[in-house]
1. Kindly provide the chymotrypsin sites (Phe, Trp or Tyr not before Pro) of segment 605-643 that DSSP labels as loop, not H, G, I, E or B, and whose Cβ sees at most 14 other Cβ atoms within 10 Å.
2. Taking θ = phi - 60°, what integer Hz values does the Karplus form 6.51 cos²θ - 1.76 cosθ + 1.60 yield along segment 222-229, in sequence order, with x for Gly and Pro?
3. DSSP loop (so not H, G, I, E, B), at most 16 other Cβ within 10 Å: list which trypsin sites (Lys or Arg not before Pro) in segment 239-275 pass both filters.
4. Could the peptides 713-719, 249-255, 75-81 be put in order, highest first, of the mean number of other beta-carbon atoms found within 10 Å of their residues?
5. What is the magnitude of the charge dipole of the chain about its Cα centre, with +1 placed on the Cβ of each Lys and Arg, -1 on the Cβ of each Asp and Glu, and no other charges, expressed in debye to the nearest 20?
6. Students often forget the sequence filter, so: which aspartates and glutamates lie under 18 Å Cα-Cα from residue 728 once same-chain residues fewer than 8 apart are removed?
7. Given H placed 1.01 Å from N in the peptide plane, which residues other than close sequence neighbours of residue 397 have an amide H under 5 Å from its amide H?
8. Below 8 Å between Cα atoms, with a sequence gap of 6+, how large is the relative contact order for the chain in percent?
Amino acid sequence: MAQYADIILPLAQGTYTYATGGIESLEEGDAVAVQFGKNSVYTAIVARLHDEPPKRGSAKPLLAKLYHRPILHRQQLDLWRWIADYYMCTIGEVMRAALPSLIKPHAATHEEFEPYRPKVVRHLRLCCEISAEQLEHISQRAPRQAALIEEVMAAGGTLERSLTEASAATINATVKRGLIEIFEQEPSSSVDDVKVELLPQLSKAQLCVNEQIAEAFSTQKTVLLHGVTSSGKTEIYMHHIAEALSRGEDVLYLAPEISLTTQLVVRLRAVFGNRTVVYHSKLSPERRTQVYMECLRADAGQIIVGVRSALFLPLKRLGLVIVDEEHDASYKQSDTAPRYNGRDTALMLASLFGAKSILGSATPSVESYANTLSKKFAYVTLNERYGAATTPQIIISDTIRSAKRGERRLHFNKELTDRIAERLERNEQILLFQNRRGYSPYVECKECGWSPHCPSCNVTLTMHRQSNALRCHYCSHAINIPTVCPQCGANAIAPMGFGTERVEEEICRLFPTARTLRLDGDTATSDKAYREIIDTFARHDADILIGTQIIAKGLDFANVTLIGILNADNLLKMPDFRASERAWQTLIQVSGRCCRRDDIGEVVVQSADIQHPIFEILSEGDYTAMAASQLAERQLFNYPPYTRIIRITLQSEQPTTLAECSMALAQNLRRIFDSRVLGPVTPLIDKIRGEHRLEIVLKIENASSFSKARKLVAEQICEIEKSSQFRKVKLICDVDPL
Ligand code: ADP
Ligand code: ZN
Ligand code: ZN
């Protein structure tokens, strides 16, 4: 028996060594209770068992083992280690993100510490055979008890307690008579059979792709499936899922957004029944914990559908990973550690299990495409939409020319409004995309130019008309919209630019009889609200849907024949080396929501810069051209996939200390990394929630060892964190930032 255990705590820390203290049959992956500090008992995870005493001091003993078996398998533990190492965070931070909260209770003392107890279901069971005569006899004196007994008999001898309407008194009396008994059981974990006959019949083109994927898997682990929107990628995945299940393997199916998982689950459950399990952060803590525990208990053959955090579930025999919409930036967790990319981490998990992966997208990321060029991934394409579907015609509409000719009203070119009128006339539906929520991005005094900013963040306040507020989109600070300018007193405060709220208002003014709906962060406040808007529009109880990025994802409306992209320049002007790629992806994804019948679909893209090369590529739908031009540019300027980026963000309330600290760190890094270090530079938004920010960026070329680079960077950061002078500066590493 090992004497010591290195354990992981749910804190931003590395491992600690404890004495196993006679706890029997301890295994790696076990959850244990440990005293940490004076007033805290935590749930910790055993990472390693060994016999090496700690170098200093003596090791405190573990208090108890919590569950009768480990709560993660070796592969999950290895994944935690990989994430901590690759994304430069502590393994404690990985634990925090990976385990649902109820599994890792925390208390002040050992006495108060209560491990999670899985919910049990109470059942009623007949204790003995009861004849008709007996029953008759009972029913004369205790008709309610007799009714209950009949109910249990009708259910085959056992009945879930919650399913009967009999009162507790009746049940107790019947138990007292010795006729029925109560027993407890964990919820049933039997799995439904796969209804193979309900798998969608594949079209000829889909069949061909299916075979290409199968063939690629004979020599390769990962396939990039580049299939245009509505080509039926989901149907293809389903066939591969069925095969994995038939081999007794588990499947992990990731989508970038919770709303997408909800729709997916309905389609998957029809075929795969209760093997389909959903997991994401919007589930209640109780439900998440239940799913986690059931996953642990289940034999192989489960399909986990979820967003990035689903990859932490304790699957046993992962055989297939599907990452749908693999290009989507939502796969990256940027705000808190671990700052991991769900797609890349899922691929790592697949490789730990020796599993196969399919990355799917209508607009693959340039990085994944580059991996197909280098033969790291196989590349399979599906260029036709399912059924007799056609691609919409794309019209690039020049806002400058429109304005000069007096053909632009507010935010809309005549080319667009004419078409809107025409479609409304024909009783068809329209989708308008504007990538800003709120009424207007900022307001300005027409007299003196005053414009309100957030006091804690260096951004303008966004106007929200409905709530009569100016609001900061970074810290939620809000004020009432002033009626007169606080600087010059003029009554001249005007909204500048357009958000979805204002687009809706103007559309209502231009087309008073049209029924409009808005889908953005302000209206889709819950999954339910989101569904309601989508369903209303799908029922054609509205004519025009106005929305932000969320309308770009995964929706399918049969009657939408016109799509307006109101401000493509917003997309192109992002100060980021991925701006063009992103703009292209968004434009294609939004266009993909257009009707697929006949040749009637049109997409109008409004831009002031119609010469931009992206529009030519967009009109021709030429992905390879887009990817090639992006790759050439990235190679020239040393960007991924030719380099890897580590971005260090420094934050402090004191701008001078921050500047000094950043200079010192940059200087130390330059001594090691030379010209690979950029900065310190001021980020686009250089103050958020009262903290000033500076950034240092490292670009490590692919030929150098990235793991060595991370180690050296970590050492330098550690040095800075040790110096008392910079105590109040926060340093945050983001590896492969998006
Ligand atoms: P993608 O994920 O490639 O955008 P979907 O899988 O959502 O496409 O398919 C688009 C639409 O076409 C869906 O409504 C889907 O049900 C339908 N579809 C695609 N392939 C088939 C098929 N083989 N049989 C029946 N319906 C299909
Ligand atoms: Zn003013
Ligand atoms: Zn703010």
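Read the figures in this text as sums done on the coordinates, not as results from a lab. Note that the structure is a prediction, hence the values are computed from the model and not measured. Here the Cβ positions follow ideal geometry from the backbone for every residue, glycine too, while neighbour counts run over all protein chains shown.
1. 637
2. 10, 10, 9, 9, 9, x, 4, 4
3. 247
4. So the order, starting with the most tightly packed, is 249-255, 75-81, 713-719.
5. That gives the chain a dipole magnitude of about 1480 debye.
6. Qualifying aspartates and glutamates at Cα under 18 Å: 653, 660, 686, 691, 695, 719.
7. Residues meeting the amide H criterion: 605, 606, 607.
8. Dividing the mean separation by the residue count of the chain yields 11 percent.
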